[in-house]
Amino acid sequence: MNEKLLEFDIAIVGAGPASIAAACAASENGKTVVMLETSPWFGGQLWRSEFPRAKTRQAIKWFTHLSETSAKAFLNTTVIDAPAENTLLAETSDGNLRVKYDKLILATGTREIFLPFPGWTLPNVYGAGAMQALAKADWPVEGKRIAVAGSGPLLFAVAANLRIRGATIVLTAEQTDLMSFLKFGMKLPLLAPSKILQAIKYQSRLIGVTYKTSCWPVEAYGSEQLESVMFTNGKRNWKVDCDYLACAFGLTANLELPRLLGCKINHDAVFVDDFQQTSLKGVYCAGELTGIGGIDSALTEGQIAGLAAAGKMKQAKKLRRTRRRYNKFEKAMAKGFALRRELLKLADDETIICRCEDVTAGQLREFDDWKSAKLQTRCGMGPCQGRICGCAVKEMFGWENLSIRPPVYPAKMKNLE
Amino acid sequence: MSDNVQITINGKTASVTPLTVVATALACEGVTRFRRSVTGEPRTPLCGMGVCFECRVTINGQPNSRSCQVLCEDGMEIVTDE
Ligand SMILES: Cc1cc2nc3c(=O)[nH]c(=O)nc-3n(C[C@H](O)[C@H](O)[C@H](O)COP(=O)(O)OP(=O)(O)OC[C@H]3O[C@@H](n4cnc5c(N)ncnc54)[C@H](O)[C@@H]3O)c2cc1C
Ligand code: FES
């Protein structure tokens, strides 16, 4: 196989907001920097639809800033292994890339949490952020009746964006209760004032759309594709007709790479010091990997990691206060949108948990741990490598997959079943 | 538009704007199932970001390609599990 070797002072995994901020900070301070990004675009989950032409103020600022630096980037390049000290192995469409580095910054971001309920595998049931990302990439949503459900402030953004694109939002269902929701809202002025303006903007676009707290989907119906969804408020169930369901129960960090490297992980987030350094010397983490906090937190942490990796500790120190505020925001968000227990009991025996291998909840209930369930049912052994069912089995059965083996993404050349 | 790219979806020609994501092109052309699961269920994209592998199709002869992570190119041949 064709393999290229490259050497840089600093390697960054990902090209999302945190990575871009890190790359700018490090290369401005004289370091050679490379970014490795699996997707064909810059900007990560939030800005990818703005590549190559940024439209929002923040994205324009950072894309321009990055283009003025000497940082190199490889798109369509998936980091799959860390085969030797200070070395990453990445896969591209024409062979492998071996990258040697002095310092490493991981900013692999998040994915959505899915909790299985009967019918969740039907065509036209999407993730919430996923539906938004697809719509921004011109997925046909105009004229569609869409139910938005799950948890987190992201639901507002999703519903507002879909509505602007001509969809009818039939319901926005937030699982958390009104009290927790209001308590979270009251902390915004102190912890994330910029979010208030954003919230007002979304609200004005959602006038007339029903937003319910303590409300969640219990079953999706349809023969070949989605036709309706049964919702509940814990006391009463009612059916809502819709074309699409956009549903996710929050975000969870993509911890595969930090785990493979052996970084210490605390409560589903990579443990970092004041300079974003992990428990491994010379390995930094930034963005959603260290706690789900949104764009502003990702940018600040990226800058700190870039500066610290370039040895500019004094400059990095100046940003610590801002970062601490965002950390408090992360905690407030986790508390405000904690998942209710009822959600973990939605799957019946026939509900598929592992979508790659079509393993049902009934099959899994026969086992005591994931290892034996995996061996007997192949749950989590398909191409997604447990990225989707892993969250579900962790929440439902308390099983956690801590042993990660390379490749952390299935290598393209291998034939997937 | 003159700078559109031409692709084929299950043998049928379609014209899309450059930088269109393959998954979007499929949905716009009315594809309602991207793949069949191991037990034969129809599936469409779930995560939209390359992690769930539900949007797998065959692109230029390469099976199991994630359509949400690939941009359309002129002459691209896409085959779904219809
Ligand atoms: C679907 C979705 C929608 C969201 N919408 C919003 C929103 O509207 N507003 C908001 O404030 N926040 C939103 N978020 C949260 C959002 O993730 C952050 O605000 C912001 O994008 C975080 O930046 P980041 O750089 O930490 O991570 P990301 O933006 O997730 O970037 C991580 C990058 O790393 C890449 N990557 C991962 N693994 C590898 C690998 N092994 N090799 C190479 N590259 C890799 C990914 O492809 C990705 O581009 C959303 C999240 C998701 C999942
Ligand atoms: S939709 Fe999940 S990988 Fe494409």
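The values are calculated or read from the model by the stated rules, or taken from the named source; none is laboratory data. Remember, it's a predicted structure, so these values are computed and weren't measured experimentally. Neighbour counts are summed over all protein chains in view; Cβ atoms, including those assigned to glycine, are modelled from backbone coordinates with ideal geometry. Areas reflect the complete protein model, heavy atoms only, side chains present, ligands, DNA and RNA absent. Shrake-Rupley method; radii C 1.70, N 1.55, O 1.52, S 1.80 Å.
First select every other residue whose beta carbon is under 13 angstrom from the beta carbon of residue A:144; then total the charges, Lys and Arg +1, Asp and Glu -1.
-1
How many nm is it between the label spots at residue A:210 and residue A:404, if each spot is 7 Å from the Cα in line with the beta carbon?
Reported label-point gap for residue A:210 and residue A:404 is 4.2 nm.
Would you report the distance distribution of C-alpha pairs in the protein assembly as shown as whole percents per 20 angstrom bin, up to the bin with the largest distance?
Reading upward from the zero bin: 23, 60, 17, 0.
Would you mind telling me which residue in A:87, A:78, A:290 has the biggest mean-square fluctuation in a Gaussian network model of chain A, where springs connect alpha carbons within a distance under 10 angstrom?
A:87
Which GluC sites (Glu not before Pro) in the range A:214-275 sit in a loop by DSSP (not H, G, I, E or B) and have at most 12 other Cβ atoms within 10 Å of their own Cβ?
Sites meeting the loop and neighbour criteria: A:224.
Counting only residues 5 or more places away or on other chains, whose amide H sits under 5 Å from the amide H of residue A:171 once H atoms are built in the peptide plane?
For residue A:171, the qualifying residues are A:148.
Using a Gaussian network for chain A with springs between C-alpha atoms less than 10 Å apart, which of these wobbles most: A:294, A:234, A:262?
A:234
If you place +1 on the Cβ of every Lys and Arg, -1 on the Cβ of every Asp and Glu, and leave all else neutral, what size is the dipole of chain A about its Cα centre, to the nearest 20 Debye?
With Lys and Arg at +1 and Asp and Glu at -1, about 1840 debye.
Using a 1.4 angstrom probe with every protein chain in place, what is the largest-first accessible-area order of A:229, A:240?
Per-residue accessible area, sorted high to low, gives A:240, A:229.
I'd like the orientation of helix A:57-67 relative to chain A: the angle between its Cα long axis and the longest Cα principal axis, in ° from 0 to 90, rounded to 10.
Approximately 30 degrees, to the nearest ten.
Here is the link list: A:31/A:55; A:183/A:345; A:281/A:318; A:195/A:239; A:100/A:281; A:55/B:12. Which ones come out longer than 25 Å on Cα distance?
A:31/A:55; A:183/A:345; A:195/A:239; A:55/B:12
How much of the accessible area of the range A:149-301, probe 1.4 Å, is carbon plus sulfur, in whole percent?
C and S fraction of accessible area: 56 percent.
Among the GluC sites (Glu not before Pro) within the range A:24-68, which fall in a DSSP loop and have no more than 11 other Cβ atoms within 10 Å of their own Cβ?
Listed in order of number, the matching sites are A:68.
Under 5 Å between amide hydrogens, which residues at least 5 positions from residue A:82 or on another chain qualify, with H placed 1.01 Å from N in the peptide plane?
A:89
Does anyone have the angle between helix A:17-28 and the longest principal axis of chain A? Alpha-carbon axes, 0 to 90°, nearest 10?
Approximately 10 degrees, to the nearest ten.
Cα to Cα, under 18 Å, and not fewer than 8 places away if on the same chain: which aspartates and glutamates meet these conditions relative to residue A:335?
The qualifying aspartates and glutamates are A:112, A:174, A:177, A:268, A:288, A:395.
For the range A:347-411, restrict the atom set to alpha-carbon positions and state the Rg and Dmax in Å.
Expressed in Å, the Cα Rg and Dmax of the range A:347-411 come to 11.0, 34.
Enter the angle in degrees (range 0 to 90, nearest 10) between the Cα long axis of helix A:154-164 and the first principal axis of the Cα atoms of chain A, meaning the one along which they spread out most.
80 degrees
HN-Hα J couplings of the range B:66-76 from phi, Karplus 6.51/-1.76/1.60, θ = phi - 60°, integer Hz, Gly and Pro as x?
Rounded to whole hertz, the list is 7, 5, 7, 10, 10, 9, 5, 10, 4, x, 5.
Over all directions, what mean area does the Cα convex hull of the range A:114-249 project, stated in square nanometres?
Its average projected convex-hull area is 8.1 nm².
What residues qualify as long-range amide H neighbours of residue A:145, i.e. H under 5 Å apart, gap of 5 or more or another chain, H built at 1.01 Å from N?
Result for residue A:145 returns A:168, A:243, A:244.
Using only DSSP helix segments of four residues or longer, with each worth -39500 (n - 2.57), what per-residue ellipticity at 222 nm results for the protein assembly as shown after dividing by its residue count and rounding to 500?
Computed ellipticity for the protein assembly as shown at 222 nm equals -8500 deg cm²/dmol.
With a point put 7 Å past each Cα toward its Cβ, work out how far residue A:186 is from residue A:268 in nm, to one decimal.
2.5 nm
Taking C-beta distances below 4.7 angstrom as the pairing criterion, name the unpartnered cysteines of chain A, in sequence order.
Cysteines of chain A left without a disulfide-compatible partner: A:24, A:215, A:242, A:247, A:263, A:285, A:356, A:384, A:391.
If you build a Gaussian network model of chain A, linking Cα atoms that sit under 10 Å apart, which residue out of A:257, A:245, A:75 swings the most?
Its mean-square fluctuation being the largest, the pick is A:75.
In the range A:353-395, which GluC sites (Glu not before Pro) are in a loop and have at most 13 other Cβ atoms within 10 Å, using DSSP for the loop call?
Here the sparse-neighbourhood loop sites are A:366.
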